[in-house]
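What follows is a short report on a single structure.
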Amino acid sequence: MTMTPQGLPVAAMLINGRLVPALSGETSISINPADGIPLAAIPYGDDRDAKLAVDAAAAAFPAWASLSAAVRAKYLHRVADILEHRRDEVALVVTNEEGKPLREAQGELQLSVDSLRWFAEEARRAYGSWIPDPVPGRRLLTQRMPVGVCGAIIPWNVPCAMIFRKAAPALAAGCTMVLKPAEATSLVALKVAELFVEAALPDGVINFVTGKASAIGNVLLTDPRVRKISFTGSTEVGRLLMRGAADQIKRTSMELGGNAPVILFEDCNLDAAMAAVAALKFLNAGQACIGANRIYVQSSIYDEVARRLTEHAGRMKVGYGAEPGVVMGPLVDMNAVEKVEELVANAIQKGAKLRVGGSRMQGEAYEKGSFYAPTVLTEVPQTARMHDEEIFGPVAALYRFETEDEVVELANNVPYGLSAYLFTENMDRAIRVAERLETGMVGINETRLGAAEAPFGGVKMSGIGREGGREGLEEYLETKLMAIRVRG
Ligand code: NAD
């Protein structure tokens, strides 16, 4: 690996099977959010690099698409083998660049491997059908075809698994891909790109371009050879990309922002519920699309829930994610810290009560990083901004409710609909409420939603389409009808 004059490793993009710098020669610097120390120089690509990547993906498509699904599966299993072998090394890059504790980074790696293996196999079952035809002398059949060249744009908060949630089904289906990671976690993506090179995929099947988001995004939107945009990120950018994709009627999958309600009924198993809610709330320092944004607690258990959550938040070990015992790392950058500060100040000003945290972490160990303390706010009014916006930080916001009908209405009263969670020992109530919640996913006495086998995604302004599961493969397939004349 080449080094900068300051001794910083220089990462490379992957275009047409080669690890390359940006055509401009420019780089940006990737930073460890725990201590502000530079990790690597990242190629700062633009439209010219993106165009080369689309050229490569378009050239690679016919041959890749015509391989059998079984042969493509072999390539994907090979990437999975390499990823498993290098699991610790890649997990450490995730922790160093994104901030999450190593144990969480390891979880991401597992989901990545699972996605590769599951889609490798699932694409072998992309059946068409023979349709009973009302017209004599004709046969109708359908065949599943890959969509074509796909553009993938991913966020920073799940920087490794997100690559495979898109690339595994796309490549398994016979599509080729140009992937643009988030600026903050480009090093993780370029590390993953090296694994694809090691697996010796045919040139151009997958390409990684880092750098100027709008310029790269614009090429993916305007080049007619790109037939689909798969995006995970904020609703705001998703809307922009959908508008852009409309010009050429490109297919889109949108995994957008969430604002998950968590409902604790008085008849829940409180010990189990509290452990699950605390783990969910502080997962990735609160920077998760499926994170607990609004915690609704039935009046009779409200004080006890507030007490336990406050105690939990006060005991958490916060720090550099590779340090033993650390359960929560930094936020991704100082902008994120400032946004959380704003939301907390706004809630307190509107009447919320601060139980613990409510500030940046104090002390020498935290000075150079972007740390915010685990925080609990009670009696948060619905007029607080954090009720309507994603907090994306380690702030538990507790709201009070009395009845089932009331809480369902409150839970649905936002424009987002990614995930929701409810805790009750009454199964009738669990199913009744789960069916009424306007979200793509509901956890019942459970907060872990993800698996390679399961469809993940939202409704309303949380997106369109699903990642994972059979549905995740559908996103990269078209149905072609063939009508055949049969004589005699
Ligand atoms: P973001 O929307 O700011 O950025 C996401 C990606 O879009 C990045 O790669 C960014 O560089 C790129 N981008 C930004 N402007 C662009 C443009 N004009 N053209 C092309 N690309 C552009 O989101 P973020 O801050 O990286 O991620 C956090 C958001 O992602 C949260 O809202 C979170 O809920 C959401 N998210 C959703 C899911 C899900 O599955 N629904 C999963 C993880 C994160």
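Given the criteria touching a residue at least 60 places away in the same chain (Cβ under 8 Å), over 27 Å from residue 475 (Cα atoms), surrounded by 21 or more Cβ atoms within 10 Å (Cβ to Cβ) and in the same structural domain as residue 271 (by TED's automatic domain parsing), does residue 439 qualify?
no
Just one of the numbered conditions (1) surrounded by fewer than 22 Cβ atoms within 10 Å (Cβ to Cβ); (2) in contact (Cβ under 8 Å) with a residue 40 or more places away in the chain; (3) under 15 Å from residue 445 (Cα atoms) is not true of residue 252; which one?
The one condition residue 252 does not meet is (3).
From the list 354, 398, 377, 418, pick out the single residue that is free of Cβ contacts under 8 Å to residues at least 40 places away in the same chain and within 27 Å of the chain's Cα centre (by Cα).
So the residue among 354, 398, 377, 418 that is free of Cβ contacts under 8 Å to residues at least 40 places away in the same chain and within 27 Å of the chain's Cα centre (by Cα) is 377.
Identify, please: which residue in the stretch 17-35 is assigned to a loop (DSSP other than H, G, I, E, B) and either within 24 Å of the chain's Cα centre (by Cα) or not assigned by TED's automatic domain parsing to the domain that holds residue 186 (or both) and is, among those, surrounded by the fewest Cβ atoms within 10 Å (Cβ to Cβ)?
Ranking the candidates gives 32 first.
Any idea how many residues of the stretch 457-478 are acidic (Asp, Glu), surrounded by fewer than 24 Cβ atoms within 10 Å (Cβ to Cβ) and either near the ligand (Cβ under 10 Å from one of its atoms) or part of a helix (DSSP H, G or I) (or both)?
2
Consider residue 218 against the criteria (1) surrounded by fewer than 24 Cβ atoms within 10 Å (Cβ to Cβ); (2) part of a loop (DSSP other than H, G, I, E, B); (3) within 12 Å of the ligand (Cβ to nearest atom): it satisfies all of them except one. Which criterion is unmet?
Here residue 218 clears every test but (2).
Which of the residues belonging to the stretch 370-386 are outside any loop (DSSP other than H, G, I, E, B) and crowded, with 23+ Cβ neighbours inside 10 Å?
Selection gives 372, 375, 376, 377, 386.
Name the residue that is farthest from the ligand (Cβ to nearest atom), counting only residues in the stretch 221-245 that are touching a strand residue (DSSP E or B) at 6+ places or on another chain (Cβ under 6 Å) and outside any strand (DSSP E or B).
225
Considering (1) of a type in the set (Val, Ile, Thr); (2) more than 16 Å from the ligand (Cβ to nearest atom); (3) outside any helix (DSSP H, G or I); (4) in contact (Cβ under 8 Å) with a residue 24 or more places away in the chain, say which one residue 344 fails and leave the rest.
Just one mismatch for residue 344, condition (3).
Could you count how many residues in the stretch 112-169 are in a loop (DSSP other than H, G, I, E, B), among the aromatic types (Phe, Trp, Tyr) and within 14 Å of the ligand (Cβ to nearest atom)?
1
Please find, within the stretch 65-108, the residue that is farthest from the chain's Cα centre (by Cα) out of those that are crowded, with 19+ Cβ neighbours inside 10 Å and outside any helix (DSSP H, G or I).
101
Of all residues in the stretch 330-341, which are among the acidic types (Asp, Glu) and in a helix (DSSP H, G or I)?
Scanning the stretch 330-341 gives 338, 341.
Could you list, in sequence order, all residues of the stretch 246-262 that are of a type outside the set (Asp, Glu) and either within 15 Å of the ligand (Cβ to nearest atom) or under 15 Å from the mean Cα position of the chain (by Cα) (or both)?
246, 250, 252, 253, 254, 256, 257, 258, 259, 260, 261
Residue 122 - would you say it is closer than 19 Å to residue 162 by Cα, crowded, with 23+ Cβ neighbours inside 10 Å and in the same structural domain as residue 33 (by TED's automatic domain parsing)?
Numbers: closer than 19 Å to residue 162 by Cα: yes; crowded, with 23+ Cβ neighbours inside 10 Å: no; in the same structural domain as residue 33 (by TED's automatic domain parsing): yes.
Against the criterion (closer than 19 Å to residue 162 by Cα, crowded, with 23+ Cβ neighbours inside 10 Å and in the same structural domain as residue 33 (by TED's automatic domain parsing)), residue 122 does not qualify.
Evaluate the following for residue 305: is it assigned to a helix (DSSP H, G or I), away from the ligand (no atom under 16 Å from the Cβ) and either at pLDDT 95 or above or surrounded by fewer than 23 Cβ atoms within 10 Å (Cβ to Cβ) (or both)?
yes
Being crowded, with 23+ Cβ neighbours inside 10 Å, assigned to a strand (DSSP E or B) and either within 16 Å of the ligand (Cβ to nearest atom) or at pLDDT below 95 (or both) narrows it down to one residue among 396, 420; which is it?
On the way: 396 fails: either within 16 Å of the ligand (Cβ to nearest atom) or at pLDDT below 95 (or both).
Just one listed residue meets the conditions, 420.
Hey, can you tell me all the residues within the stretch 187-215 that are touching a Lys or Arg at 6+ places or on another chain (Cβ under 9 Å) and near the ligand (Cβ under 9 Å from one of its atoms)?
213, 215
Pick out the one residue from 293, 284 that is assigned to a strand (DSSP E or B), of a type outside the set (Phe, Trp, Tyr) and within 12 Å of the ligand (Cβ to nearest atom).
Values: 284 fails: assigned to a strand (DSSP E or B).
Criteria check complete, one pass: 293.
Kindly check whether there is at least one residue in the stretch 224-236 that is free of Cβ contacts under 8 Å to residues at least 60 places away in the same chain and under 19 Å from residue 181 (Cα atoms).
yes
Return yes or no: is residue 175 of a type outside the set (S, T, N, Q), more than 17 Å from residue 241 (Cβ to Cβ), within 14 Å of the ligand (Cβ to nearest atom) and crowded, with 24+ Cβ neighbours inside 10 Å? Before you say what the answer is, go through the steps one by one.
Numbers: of a type outside the set (S, T, N, Q): yes; more than 17 Å from residue 241 (Cβ to Cβ): yes; within 14 Å of the ligand (Cβ to nearest atom): no; crowded, with 24+ Cβ neighbours inside 10 Å: yes.
Answer is no for this residue.
The values are calculated or read from the model by the stated rules, or taken from the named source; none is laboratory data. This one's a predicted model, so the numbers in the text were calculated from it and none came from an experiment. Please note: Cβ atoms are built from the backbone with ideal geometry, for glycine as well, and neighbour counts cover all protein chains shown.
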